[in-house]
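The values are calculated or read from the model by the stated rules, or taken from the named source; none is laboratory data. Computed from a predicted structure; not experimentally measured. All Cβ positions, even for glycine, are placed from backbone atoms using ideal geometry, and neighbour counts span all protein chains on display. Please note that ligands, DNA and RNA were not included when accessible areas were found on the heavy atoms of the full protein model with its side chains. Shrake-Rupley method; radii C 1.70, N 1.55, O 1.52, S 1.80 Å.
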Amino acid sequence: MKIIMLGAPGAGKGTQAKKIAEKYSIPHISTGDIFRANIKNGTELGQKAKTYMDQGLLVPDELVVDLVVDRVNQDDCVNGYVLDGFPRTIPQAEALDKALKELGQKIDYAINVEVPDENIVNRMSGRRACVDCGATYHIAYAPTSKEGICDKCGGGLILRDDDKPETVLKRLGVYHEQTQPLIDYYTEAGILKEVDGTIDINDVFAEIVKILGE
Ligand code: ADP
Ligand code: AMP
């Protein structure tokens, strides 16, 4: 099962992608997580990506596409994967389709998690990420059992630099301009599925399971 998660920044793509990955035993591939790991490890890719991410801009397509194509060709992806945060532009979607076509493969579902803009700033200003394992929480909607401490690994929690309100507004603008056209792209491909992302996390997941099957 090959799945793409679509939606505005903060819509809940990562939250749902992790649950999908666990239930269907497929890898969760988040380009944002890959860039953040590269930044943390001080790689050249990380340094390049950071200059764009800090401004709320997309990292250029040429830095993203090969990375994802290499990743989906790894052995653990034979039974599928859930892509979170990729593709984010039409050229990225076209490059992915082309690479998969050469392998005789295709994406099965593009799941659009719909959340109106007015909810997004609130979502992202309350998001907290673990500095060690990258797990994501929300101070109101998905809190940790001990404040400021990751439930999974005991690491410290931070507000991502790009989740500050001024950067969030920039990212929303970039989303509408460059990423939203993918909704039409995957509708035309006949694989778009919509879910309401404003309801409780577990209820969103139940909607997704209805689409993907038990
Ligand atoms: P994305 O991956 O789309 O950027 P996340 O999955 O990181 O978004 O979710 C953004 C924030 O909103 C996180 O703090 C997460 O815990 C919270 N969140 C996700 N889904 C919901 C939901 N259905 N209701 C309330 N909060 C949610
Ligand atoms: P995310 O964790 O998905 O919210 O991504 C954080 C940031 O990483 C984005 O705001 C972009 O700057 C960058 N990024 C992640 N995925 C992509 C992508 N597919 N194309 C371009 N930039 C990306």
Exercise. For Glu194 and Lys23, FRET efficiency with R0 = 22 Å and r from the beta-carbon atoms, rounded to 0.05?
Worked result: 0.65
For this session: Would you mind getting the accessible area per residue of region 161-214, heavy atoms of the protein chains only, 1.4 Å probe, in Å²?
Result: 56 Å²
Exercise. In whole angstrom, how far apart do the alpha carbon centroids of region 133-203 and region 26-60 sit?
Worked result: 16 Å
Exercise. So how strong a dipole does region 73-214 carry about its Cα centre when Lys and Arg Cβ are +1 and Asp and Glu Cβ are -1, to the nearest 20 debye?
Worked result: 340 debye
For this session: Just grab the label-to-label distance for Glu177 and Leu103, each label 7 Å out from Cα along the Cβ direction, in nm (one decimal).
Result: 3.2 nm
For this session: Normalise the Debye intensity by I(0) for region 112-214, one equal point scatterer per Cα, no solvent, then take log10 at q = 0.10 Å⁻¹ and round to two decimals.
Result: -0.36
Problem set entry | Over the chain, relative contact order from alpha-carbon pairs under 8 Å, at least 6 apart, % | 29 percent
Problem set entry | MRE, 222 nm, helices only [DSSP H, n ≥ 4, -39500 (n - 2.57), over the chain, to nearest 500] | -13500 deg cm²/dmol
Exercise. Of Gly10, Gly32, Leu45, whose Cα points farthest to the positive end of the dipole of region 1-59 (charges on the beta-carbon: +1 Lys, Arg; -1 Asp, Glu; origin at the Cα centre)?
Worked result: Gly10
For this session: Pairs to check: Lys23/Lys164; Lys19/Lys164; Lys13/Lys48; Lys164/Lys193; Lys50/Lys106. Give those whose C-alpha atoms are more than 28 Å from each other in this structure.
Result: Lys23/Lys164; Lys164/Lys193; Lys50/Lys106
For this session: Mind checking the full-extension length gain between Leu57 and Lys210? Use 0.36 nm per residue of separation minus the Cα-Cα distance, one decimal, nm.
Result: 51.7 nm
Problem set entry | Hydrodynamic radius by Kirkwood, which averages 1/r over all alpha carbon pairs of region 116-167, in angstrom | 11.2 Å
Problem set entry | Rg followed by Dmax, in Å, when region 158-197 is reduced to its Cα trace | 13.6, 39
For this session: Compute the Kirkwood hydrodynamic radius of the chain, taking the inverse of the mean of 1/r over all pairs of distinct Cα atoms, and give it in Å to one decimal.
Result: 17.6 Å
Exercise. Dipole size in debye (nearest 20) for region 123-204 around its Cα centre, Lys and Arg Cβ +1, Asp and Glu Cβ -1?
Worked result: 340 debye
Problem set entry | Largest to smallest accessible area among Met53, Met1 [probe 1.4 Å] | Met1, Met53
